[in-house]
Amino acid sequence: MNKGKNQHVVKHSDGWAVKGSGNSRATKVVGTQQQAISIAQEIARNQKSDTKVHGRDGKIRAGNSYGNDPYPPKDRK
């Protein structure tokens, strides 16, 4: 199965938006960032893709992978 588009949570004039990577239009616009993150996570899980959460300044501040990561982090504990 092909990996779907990464889901970005970005600031929008009406609140916060969930946008698929490369899309010009938002998939969903909601009032709070937390609502947008929940929607993005659900879509990413279904598509086996990643979430990218942007802050108010537009920089990525968090994210998560829901697919098969070919480069998983190496725990050095």
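The table that follows gives values for the structure above.
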{"read-out": "Subset of the stretch 21-60 [of a type in the set (Val, Ile, Thr) and part of a helix (DSSP H, G or I)]", "value": "Ile37, Ile39, Ile43"}
{"read-out": "Qualifying residues in the stretch 1-20 (those that are part of a strand (DSSP E or B) and small (Gly, Ala, Ser)) - the one nearest to Ser65 (Cα to Cα)", "value": "Gly20"}
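Values quoted throughout were computed directly from the atomic coordinates according to the rules given, and no laboratory measurement underlies them. In this text, all values refer to a predicted model and were calculated from it rather than measured experimentally.
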